[in-house]
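Everything on this sheet refers to the single structure shown next.
The values are calculated or read from the model by the stated rules, or taken from the named source; none is laboratory data. What you see is a predicted model, and the numbers here were worked out from it, not measured in a lab. A quick note on method: Cβ atoms are made from the backbone with ideal geometry, for glycine too, and the neighbour counts reach across all protein chains shown. Just the protein is used for accessible areas: all its heavy atoms, side chains included, with ligands, DNA and RNA removed. Shrake-Rupley method; radii C 1.70, N 1.55, O 1.52, S 1.80 Å.
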Amino acid sequence: DLAQIGVTGLAVMGRNLARNLARNGYAVAVHNRSYERTRRLVDEFGHEGTFVPSELMADFVASLARPRAVIIMVKAGAPTDAVIDELVPLLEEGDMIVDAGNAHFADTRRREQKLREHGLHFVGTGVSGGEEGALLGPSIMPGGSPESYRTLGPMFEKIAAKVDGTPCCTHIGPDGAGHFVKMVHNGIEYADMQLIAEAYDLLRAGLGATPAEIADIFRTWNTGDLESFLIEITADVLGHTDSVTGKAFVDIVLDQAEQKGTGRWTVQSALDLGVPITGIAEATFARSLSGHADQRAAAREAFGTDRAQIEVKDRDQFVEDVRRALYASKIVAYAQGFDHIQAGSEEFGWSIDRGSLATIWRGGCIIRARFLDRIREAYDENPDLKSLMVAPYFAAGVNDGVPSWRRVVAAAAETGIPVPAFSSSLSYFDGLRAERLPASLIQGLRDNFGAHTYRRTDRDGTFHVEWAGDKQEHQA
Ligand code: 6PG
């Protein structure tokens with residue numbers, strides 16, 4: 001019997017996706033560059049469903065029912081192109097290649113266009129949820145043609161996470177749309193994690209609390225507005241004791257955060273599209289800063305590491321201030337991420353529905369959170385929302401948090417605790433709502449040194465002042 005879908009690339013994510021499909025009753029063709037992995041999968045998990053193993057790519061393709069659907073789960077970049085090049089001559093018109101890795105959306109656009117010329121569907125698909133998600137139900141973000149979704153959609157919706165019976169999978173839009181939203185998902189993930197880390201740093205410095213005590217605070221937070229997977233696992237990580245030293249785990253981990261690139265891509269794309277995703281950018285740069293060990297050593301040497309103690313008069317109030325500041329900053333990060341998605345959607349003609357996107361991020365993915373339900377509601381109510389921040393529910397959350405937000409950022413500045421994401425989010429909020437921005441001065445300076453012209457508040461047109469001459473204004 002022919003398999004209904006195939007997976008090539010059987011490292012942990014590919015293997016778990018294949019098992020998820022098999023457990024859901026699909027006959028799954030499996031292939032890996034080295035056969036050993038394929039054999040191990042069938043040996044260990046063959047009892048979970050129907051696997052059709054092949055050693056050679058040609059046999060793998062031949063084992064698939066038409067139109068063929070092949071999921072490739074290999075490293076982004078050159079390895080993905082290599083697998084595509086190997087597959088294309090073996091496939092026939094109408095067949096589908098699904099790239100479920102973390103590819104750059106521009107690569108996906110390029111590949112989709114090229115494969116379309118061969119009559120093949122290339123379906124760049126974001127998959128989130130780590131290894132456990134891949135096995136038990138990820139959030140799935142397929143791009144590519146609507147036609148390919150007619151075949152793939154039912155399978156993907158079946159293996160995806162479910163929230164209130166709704167699958168965490170929907171067709172995002174054509175060509176690179178799926179990988180684009182997965183990229184922004186990861187950017188938001190970076191921001192979320194940075195905000196959590198800043199909250200932890202503040203609590204530790206402010207309360208002198210142990211990581212285990214702070215774990216309890218996060219556990220409590222996870223019962224309210226902040227309820228989310230990342231808050232939940234923060235409590236687990238902070239509560240963990242190192243088995244070698246008996247110390248708090250978080251104290252024995254080297255404080256240099258790594259990154260594989262999706263956060264950086266998000267920031268690069270936002271710069272191209274002109275979207276101020278300050279929270280994601282600060283989170284990405286904070287990781288970079290942490291990694292510059294030599295520079296950090298030189299700065300410690302030059303400036304010392306002293307910092308003042310935050311004076312906490314009311315412990316509960318302080319914890320609540322940090323919670324509210326975290327929540328308000330988180331709203332900013334998501335608002336910026338959804339702005340970015342809207343800008344990408346307009347630029348590339350994707351017609352992405354942000355409400356549906358919020359729906360499929362409610363479960364399965366790393367940024368799953370209670371408040372994604374609210375994001376969906378906000379876009380359901382008003383699909384043209386100018387900013388998530390101004391939706392009534394979120395505006396209230398921000399407003400409630402403002403005094404706390406200011407106290408926390410001020411305390412951090414006064415005592416010397418770095419809070420790049422908290423503080424830039426607050427500045428973003430103040431910038432957005434300002435009556436007048438000093439951008440007018442920037443325009444004046446640009447006109448002064450480069451005759452770049454400016455517009456007026458009281459008249460249409462563009463103008464220029466003869467700065468070096470009679471200082472008269474001319475219509476440009
Ligand atoms: C997910 C994650 C996943 C990625 C991590 C690591 O949605 O399941 O985003 O795709 O492995 O985010 O990314 P960094 O190594 O860049 O932190």
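Quick notes on this one:
- Single unsatisfied condition, Val127 versus (1) among the β-branched types (Val, Ile, Thr); (2) under 23 Å from Val12 (Cβ atoms); (3) away from the ligand (no atom under 13 Å from the Cβ): (3)
- The stretch 144-166 - residue that is within 16 Å of the ligand (Cβ to nearest atom) and of a type in the set (Gly, Ala, Ser) and, of those, surrounded by the most Cβ atoms within 10 Å (Cβ to Cβ): Ala160
- Residue among Ala199, Ala212, Ala235, Ala205 that is modelled with pLDDT under 95, part of a helix (DSSP H, G or I) and on the phi < 0 side of the Ramachandran plot: Ala205
- Filter result for Arg116 (away from the ligand (no atom under 12 Å from the Cβ) and open to solvent by less than 10 Å² (accessible area, probe 1.4 Å)): no
- Among the residues listed as Val70, Val74, Val127, the single one being among the aliphatic types (A, V, I, L, M) and in contact with a Pro (Cβ under 8 Å, 6 or more places away or on another chain): Val127
- Total residues in the stretch 126-143 satisfying the condition of being closer than 27 Å to Glu86 by Cβ and surrounded by fewer than 24 Cβ atoms within 10 Å (Cβ to Cβ): the figure is 2.
- Taking the conditions (1) within 14 Å of the ligand (Cβ to nearest atom); (2) over 22 Å from Asp321 (Cα atoms); (3) surrounded by 14 or more Cβ atoms within 10 Å (Cβ to Cβ) in turn, Gln256 satisfies each one other than (3).
- Qualifying residue in the stretch 167-188 (condition: surrounded by fewer than 21 Cβ atoms within 10 Å (Cβ to Cβ), more than 15 Å from the ligand (Cβ to nearest atom), more than 20 Å from Ala103 (Cβ to Cβ) and modelled with pLDDT of 95 or more): no
- Of all residues in the stretch 34-58 being in a loop (DSSP other than H, G, I, E, B) and surrounded by 17 or more Cβ atoms within 10 Å (Cβ to Cβ), the one that is nearest to the chain's Cα centre (by Cα): Gly49
- Residue satisfying all of: in the stretch 86-113; touching a residue at least 60 places away in the same chain (Cβ under 8 Å) and out of contact with any helix residue (DSSP H, G or I) (no Cβ under 9 Å at 6 or more places or on another chain); surrounded by the fewest Cβ atoms within 10 Å (Cβ to Cβ) among these: Gln113
Residues are listed down the side, and each one gets a yes or a no for (1) away from the ligand (no atom under 16 Å from the Cβ); (2) more than 30 Å from Leu203 (Cα to Cα); (3) acidic (Asp, Glu); (4) open to solvent by less than 10 Å² (accessible area, probe 1.4 Å):
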{"residue": "Trp350", "(1), (2), (3), (4)": "yes, yes, no, yes"}
{"residue": "Gly355", "(1), (2), (3), (4)": "yes, yes, no, yes"}
{"residue": "Trp361", "(1), (2), (3), (4)": "no, no, no, yes"}
{"residue": "Arg407", "(1), (2), (3), (4)": "yes, no, no, no"}
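- Candidates Val83, Val61, filtered to the one that is part of a helix (DSSP H, G or I), in contact (Cβ under 8 Å) with a residue 60 or more places away in the chain, within 25 Å of Asp107 (Cβ to Cβ) and among the aliphatic types (A, V, I, L, M): Val83
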